[in-house]
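Q: The structure follows.
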Amino acid sequence: MKNAAAVCLLPLAVAAYGAGYAASSARKVSRALRRILRLDWRRISHGPLELKTPATWGDIETTSDGMLVLHNRPERMRVDGDLVWYGSTIEIRIYRALDPRPTIDNASRFWKVRLGSPQDPLIAELIVANGVRPTKEREAQQVFRSLRLTGDPASIVWPRQEDQGIALRRVVPPHGSNIARDFESF
């Protein structure tokens, strides 16, 4: 009798297993399609500059040396420090072609593109730290390729360049954490 009940329940178990497998496969296919079609990406703009980024990226920020920067993480989720930067940072820097910029060291890979007219060109640089995984690098290149100038570059509000001097910047611990302070003393 017990054997007969087990034989009767076997098709139900196989059907339940098959339904679970199908649901899991459908979820994987759905995630892959969302990633390929970039359905969860958002459009960011700063004046006539426009690009599409994943939802996990930050917004365009201004820097004290007169350029615009887009990071792969929002500001509240970044921790300043060399180890963190060299391991996971992706930045898109946008600046006027006539502004002097420091050279990029060997700790990262970079790509440049000129935007705008020859009279008023802009430079956009994608900077990827060497520790970034290849999938994130490909994602960053897709974001970089989506960068468009939809209007007059003269209408961009540029931050004023401040004299940095030689003073070192103090790392401010995010949200009361000691991580940045410990990193600084390491």
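Q: Answer yes or no as to whether T53 is touching a strand residue (DSSP E or B) at 6+ places or on another chain (Cβ under 7 Å), modelled with pLDDT under 90 and surrounded by 17 or more Cβ atoms within 10 Å (Cβ to Cβ).
A: no
Q: On to the next question. Which of the residues spanning the stretch 1-44 are in contact with a strand residue (DSSP E or B) (Cβ under 8 Å, 6 or more places away or on another chain) and surrounded by 10 or more Cβ atoms within 10 Å (Cβ to Cβ)?
A: R38, W41, R42, I44
Q: Say we look at the stretch 57-67 and pick out the residues that are hydrophobic (A, V, I, L, M, F, W, C) and out of contact with any Phe, Trp or Tyr (no Cβ under 7 Å at 6 or more places or on another chain); which of these is surrounded by the fewest Cβ atoms within 10 Å (Cβ to Cβ)?
A: Step by step, filter the stretch 57-67, then rank; the result is I60.
Q: Across the stretch 113-134, what is the total count of residues that are in contact (Cβ under 8 Å) with a residue 12 or more places away in the chain and not in a loop (DSSP other than H, G, I, E, B)?
A: 11
To keep it simple, each residue is scored yes or no on (1) assigned by TED's automatic domain parsing to the domain that holds R145; (2) in contact with a helix residue (DSSP H, G or I) (Cβ under 8 Å, 6 or more places away or on another chain); (3) not small (G, A, S).
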site	(1), (2), (3)
A16	no, no, no
A23	no, no, no
A26	no, no, no
G58	yes, yes, no
T62	yes, no, yes
G66	yes, no, no
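Q: Name the residues in the stretch 122-135 that are exposed (fewer than 14 other Cβ atoms within 10 Å of the Cβ) and within 21 Å of K52 (Cα to Cα), would you?
A: Listed by number, the residues that qualify are R133, P134, T135.
Q: Name, by its number, the condition in (1) over 19 Å from T135 (Cα atoms); (2) surrounded by 13 or more Cβ atoms within 10 Å (Cβ to Cβ) that does not hold for E75.
A: It fails just one condition, (2).
Q: Within the stretch 83-115, take every residue that is surrounded by fewer than 18 Cβ atoms within 10 Å (Cβ to Cβ) and among the small types (G, A, S) and give me the one that is modelled with the highest pLDDT.
A: So the residue we want is A97.
The values are calculated or read from the model by the stated rules, or taken from the named source; none is laboratory data. Owing to the predicted nature of the structure, the values given are computational and were not obtained by experimental measurement. Every residue, glycine among them, receives a Cβ derived from its backbone with ideal geometry; neighbour counts consider all protein chains shown.
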